[in-house]
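What follows is a single structure, written as structure tokens, with notes after it.
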Amino acid sequence: VQLQASGGGLVQAGGSLRLSCAASGRTYRTYVMGWFRQAPGKEREFVASISRSGGVNSYADSVKGRFTISRDNVKNTVYLQMNSLKPEDTAVYYCAASSSTYSTGNYYEYDYWGQGTQVTVSS
């Protein structure tokens with residue numbers, strides 16, 4: 001599976017962005033999909049994940065209620081809608097695919113990673 005993330009940019013605090021991650025390969029729908037982020041000088045952290053069918057989502061506490069993950073198994077794309085953005089959301093955002101049976105926030109369970117897209121939130 002090859003992943004291509006897009007949609008990052010510069011936005012003011014309180015604004016919104018929608019990230020997209022297009023996946024190649026016929027087996028896309030067999031993967032749990034996730035979003036992670038990494039800020040300068042910090043470790044990569046879990047943001048959100050979605051089950052293969054899209055019925056089960058998980059979120060980091062820091063984004064719960066503000067971010068929404070979704071997927072389109074026809075378009076082979078996973079999305080991350082980010083609302084009420086804060087300066088602390090500034091990071092490179094990565095999408096990833098996991099062959100895990102269940103939605104997971106553990107980065108080591110993800111087999112494939114996209115190249116990342118920069119999100120910068122100004123105060």
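The values are calculated or read from the model by the stated rules, or taken from the named source; none is laboratory data. All figures in this text were calculated on a predicted structure; none of them were measured in a lab. Glycine gets a Cβ as well: all are built from the backbone with ideal geometry, and neighbour counts include every protein chain shown. Heads up: the accessible areas ignore ligands, DNA and RNA and are worked out on the full protein's heavy atoms, side chains in. Shrake-Rupley method; radii C 1.70, N 1.55, O 1.52, S 1.80 Å.
Things worth noting here:
- Kirkwood radius, the chain, all distinct C-alpha pairs, inverse of mean reciprocal distance: 14.1 Å.
- As a ratio to 2.2 N^0.38 Å, the alpha-carbon radius of gyration for the stretch 61-123 is 1.22.
- Considering only alpha-carbon pairs that sit under 8 angstrom and 6 or more positions apart, the relative contact order computed for the stretch 27-111 is 38 percent.
- Average accessible surface area per residue within the chain, 1.4 Å rolling probe, Å²: 52 Å²
- Multiplying the residue separation of Ser70 and Glu109 by 0.36 nm and subtracting their alpha-carbon distance yields 12.1 nm.
- Cross-link partners of Lys86 among lysines, defined as those whose alpha carbon lies under 16 angstrom from its own and excluding same-chain residues fewer than eight positions apart: Lys64.
- Nitroxide proxy distance, nm - points 7 Å out along Cα→Cβ at Thr30 and Gln118: 3.7 nm
- Largest GNM mean-square fluctuation among Arg44, Arg26, Arg18, using the chain with Cα springs under 10 Å: Arg26.
- Using a Gaussian network model of the chain in which every pair of alpha carbons under 10 angstrom is joined by a spring, one finds that among Glu109, Glu43, Glu88 the greatest mean-square fluctuation is at Glu43.
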